[in-house]
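Comments concern the structure below.
The values are calculated or read from the model by the stated rules, or taken from the named source; none is laboratory data. Everything numeric here is computed off the predicted structure, so don't read it as measured data. Heads up, the Cβs are rebuilt from the backbone with ideal geometry, glycines too, and the neighbour counts pull from every protein chain shown.
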Amino acid sequence: MRRLIFSLLTLVIALSVQAFDPKDLIGGLINKATSSTKFTVDDLKGTWLYDSPAVSFESDNVLKNIGGAGAAAAVETKLAPYYQKLGFTKTTLTVSEDHSFSLKLGLLILKGTVEKDESGEGLVFSFNAIGNKTLGKVKANASKSADTLNLTFDATRLIQVLTTISSKLNIKSLNTLSTLLNSYEGIYIGFKMKSK
């Protein structure tokens, strides 16, 4: 029975992966096993530096999550050139004691506040424009280990925020990224970050 389950899991992973480095899948599974969603916003205080793209999918189904690890690695590989082009590889997140944040995405700096969602496992980022004008709230999945933070945002809401920004700044790469992300349902995208 165990052999059958293992074979099925292996098949699901293999079918959900197109072209990616197997180390990404192994690293993702290890990180998933050692990280936790049980932390407070206070645990995020400080500065976090970009490490690589991160992807997660909205699903409570364990089998889908295991297969999703392979799919996530494939999408992360597709995102990497866009992140490079947009300057997202220099992303930093700074969270202050009062739960305000500054998210630097290349030349773009987004500010606002962050709080835990109702479940206590996710985060909600409230993005502000110049002054205190709200751009919107975006739900984020987050898991944290000692010095690593996986932070992925609801792509649907993130696309809305990015579309607003790209229309004002005329950044065509953001439009291309939005088109790519619209082809995935229930996807969360973001960053694997390391503590500074």
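Structure values in brief
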read-out	value
Residue in segment 140-155 that is modelled with the highest pLDDT, counting only those that are surrounded by fewer than 17 Cβ atoms within 10 Å (Cβ to Cβ) and touching a helix residue (DSSP H, G or I) at 6+ places or on another chain (Cβ under 9 Å)	148
Residue 51 vs. criteria surrounded by fewer than 18 Cβ atoms within 10 Å (Cβ to Cβ), at pLDDT 90 or above and either outside any strand (DSSP E or B) or of a type in the set (A, V, I, L, M) (or both)	no
Residues satisfying the stated conditions in segment 59-97, i.e. at pLDDT below 75 and surrounded by fewer than 17 Cβ atoms within 10 Å (Cβ to Cβ)	59, 60, 61, 62, 63, 64, 65
Hey, residue 42 assigned to a helix (DSSP H, G or I), out of contact with any strand residue (DSSP E or B) (no Cβ under 7 Å at 6 or more places or on another chain) and modelled with pLDDT of 90 or more or not	yes
Residues within segment 114-123 that are surrounded by fewer than 17 Cβ atoms within 10 Å (Cβ to Cβ) and part of a strand (DSSP E or B), tallied	2
Number of the exception - residue 165 against (1) over 20 Å from residue 129 (Cα atoms); (2) at pLDDT below 90	(1)
Residue check, residue 102 under 18 Å from residue 155 (Cβ atoms), at pLDDT 85 or above and either among the small types (Gly, Ala, Ser) or part of a loop (DSSP other than H, G, I, E, B) (or both)	no
Residue count for segment 124-139, restricted to those that are surrounded by fewer than 20 Cβ atoms within 10 Å (Cβ to Cβ) and out of contact with any Asp or Glu (no Cβ under 6 Å at 6 or more places or on another chain)	11
Residue 152 vs. criteria touching a residue at least 24 places away in the same chain (Cβ under 8 Å) and in contact with a Ser or Thr (Cβ under 6 Å, 6 or more places away or on another chain)	yes
Among the residues listed as 139, 111, the single one being within 19 Å of residue 53 (Cβ to Cβ), of a type outside the set (Val, Ile, Thr) and part of a strand (DSSP E or B)	139
